């Protein structure tokens, strides 16, 4: 099963819709939205009612009453921690609080957003993933997202992609660094 991961749409789902339209035929039927703005996740669910959607609010989601800021979900038997990151002090490359929380909750994959900068690293057996921002990146000039490939309890691959042009994508440099290790 392939899962599309995005964050920090900030009331602009144009790129998310274009990516979903292009990769949904490849078997994407699950989307994780890591906040800022959770309403965008609900708009995507209305446009694609057949997808499974997991979303958390971010620091810009002022009216997200009753929503969990951090949650654990199991997709293909893989425990995944999902959060925006602002409550874990995510800033550029400090993911230590997220790692502690993920380990405490038994997650094998911890996903967040907030920094608008893509990040992918495996520490202490836990994969830490930030897909960057699909609308306004702060690390490179191109919006980014991630695709996770899961199968029966196994994390087969995690790829971060950049949107170079409307229909042209390539692997993000953060993915290439992760693959070399």
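The values are calculated or read from the model by the stated rules, or taken from the named source; none is laboratory data. Just so we're clear, the structure is a prediction, and the values are computed from it rather than from any experiment. Cβ coordinates were reconstructed from backbone atoms using ideal geometry, including for glycine residues, and neighbour counts include every protein chain displayed.
In the range 15-40, which residues are within 18 Å of residue 134 (Cβ to Cβ) and without any contact (Cβ under 8 Å) to a residue 60 or more places away in the chain?
Restricting attention to the range 15-40, the residues satisfying the condition of being within 18 Å of residue 134 (Cβ to Cβ) are 15-24, 26, 28, 30-40.
Answer for the range 15-40, where residues must be within 18 Å of residue 134 (Cβ to Cβ) and without any contact (Cβ under 8 Å) to a residue 60 or more places away in the chain: 17, 20, 21, 24, 26, 30, 31, 33, 37, 38, 39, 40.
Residue 173 - would you say it is within 23 Å of residue 69 (Cβ to Cβ) and in contact (Cβ under 8 Å) with a residue 12 or more places away in the chain?
no
Kindly evaluate residue 114 against the criterion of being at pLDDT below 95, assigned to a loop (DSSP other than H, G, I, E, B), in contact with a strand residue (DSSP E or B) (Cβ under 9 Å, 6 or more places away or on another chain) and within 19 Å of residue 132 (Cβ to Cβ). Working first, answer last.
On the way: at pLDDT below 95: yes; assigned to a loop (DSSP other than H, G, I, E, B): yes; in contact with a strand residue (DSSP E or B) (Cβ under 9 Å, 6 or more places away or on another chain): yes; within 19 Å of residue 132 (Cβ to Cβ): yes.
Yes: the conditions hold for residue 114.
Every residue in the range 138-166 that is surrounded by 20 or more Cβ atoms within 10 Å (Cβ to Cβ) and part of a loop (DSSP other than H, G, I, E, B), please.
143
Report yes if some residue within the range 27-36 is touching a helix residue (DSSP H, G or I) at 6+ places or on another chain (Cβ under 6 Å) and farther than 21 Å from residue 2 by Cβ; otherwise report no.
no
Which pairs do you get when a residue that is within 19 Å of residue 3 (Cβ to Cβ), found in the range 41-67, comes within reach of a residue that is surrounded by 13 or more Cβ atoms within 10 Å (Cβ to Cβ) and modelled with pLDDT under 85, reach meaning Cβ atoms under 7 angstrom, with the pair 6+ apart or on two chains?
56/67
Exactly one of (1) outside any strand (DSSP E or B); (2) on the phi < 0 side of the Ramachandran plot; (3) under 15 Å from the mean Cα position of the chain (by Cα); (4) touching a residue at least 40 places away in the same chain (Cβ under 8 Å) is unmet by residue 121. Its number?
(1)
Limited to the range 125-140, what total is found for residues that are within 21 Å of residue 41 (Cα to Cα) and touching a strand residue (DSSP E or B) at 6+ places or on another chain (Cβ under 8 Å)?
Selection size over the range 125-140: 7.
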